[in-house]
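See structure below.
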Amino acid sequence: MGRMAKSSSANPLTYVCTFARVFHHKQYGARCATEFARRAPHVADLYVDGEWRDAVAGGHRDIRCPADGTLAATVSEGTRPDTEAAIGAARRAFDEGPWPRTSERERGALLLRTADLIERDAKEFARAESLDTGKRLVESEYDIADVVSCFRYYGGIGGTDAGRVIDTGRDDAVSRVVYEPVGVCGLITPWNYPLLQASWKVAPALLAGNTVVLKPSELTPSTSILLMRALEEAGLPAGAANLVLGAGPEVGAPLSENPDVDMVSFTGVWRPASTSWPPPPRP
């Protein structure tokens, strides 16, 4: 037991650890820890149009470790105006920005750089994942390794698909099926396996040339913040990936209702008590 402080200028999550319990699992011989931590103050958590910002309404949410209820972080709590700003940034980035017009091979290379950055900071990612979810540290370490593999997989296939050739029955005609990006993708992820769920959506969407607005569970946002930092460091253009934090009705519903969003990928549970979520199908 002890007191230690850790700070990194390259990392948005600065923890002051006041206590740690360390156990040894008989089967794996691995370490797991529940860390009592708090978020460094005055850190903007929403990522919109290439900038880190606080919520428009100034809201914040305490994130508590489910293992024991201790405070793990305090993050910005967005509302509808924050979501609309993120959608607008993603729309402009898709319609006018360089990302959809970047070659698939180059987009894949950026995902590979992102994988390297996540691997470099794997311990910090795993710690944040364990604090948010309450799971053993060794399990979070496995999850982060899978996240790295996900980004490497999609990064590696960038530029390898030349399209599907269809036999026309004519020697003077060639028919080829090619794929184009959908546009702006709203990505809504649940509290369990937070970064893995996000990676399974973010990596293929970006590889295909889409722009995205990621809305993680309001209970487990920390590794999504770290993911945006990694994408930013890897060189992703402004607006290509945006992050909004907050509850479903206030942040998720506007993301699925907005006509500027071309596709919504939602993993989670609809709460029937809500009158605005999910929205009615689009015509």
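The values are calculated or read from the model by the stated rules, or taken from the named source; none is laboratory data. What you see is a predicted model, and the numbers here were worked out from it, not measured in a lab. FYI the Cβ positions are ideal-geometry reconstructions off the backbone, even for glycines, and counts take in every protein chain you see. The accessibility values were calculated without ligands, DNA or RNA, using every heavy atom of the protein model including side chains. Shrake-Rupley method; radii C 1.70, N 1.55, O 1.52, S 1.80 Å.
Filtered by the rule that a residue be open to solvent by 10 Å² or more (accessible area, probe 1.4 Å) and either among the β-branched types (Val, Ile, Thr) or touching a Pro at 6+ places or on another chain (Cβ under 8 Å) (or both), the range 100-147 gives Pro100, Thr102, Thr133, Gly134.
Take the range 48-81 and flag every residue that is among the β-branched types (Val, Ile, Thr) and in contact with a helix residue (DSSP H, G or I) (Cβ under 7 Å, 6 or more places away or on another chain). Listed by number, the residues that qualify are Val48, Val56, Ile63, Thr79. Of all the criteria given as (1) of a type outside the set (A, V, I, L, M, F, W, C); (2) assigned to a helix (DSSP H, G or I); (3) more than 20 Å from Val75 (Cα to Cα), the one not satisfied by Asp260 is (2). Residues of the range 80-90 that are open to solvent by 40 Å² or more (accessible area, probe 1.4 Å) and in contact (Cβ under 8 Å) with a residue 60 or more places away in the chain: Arg80, Glu84.
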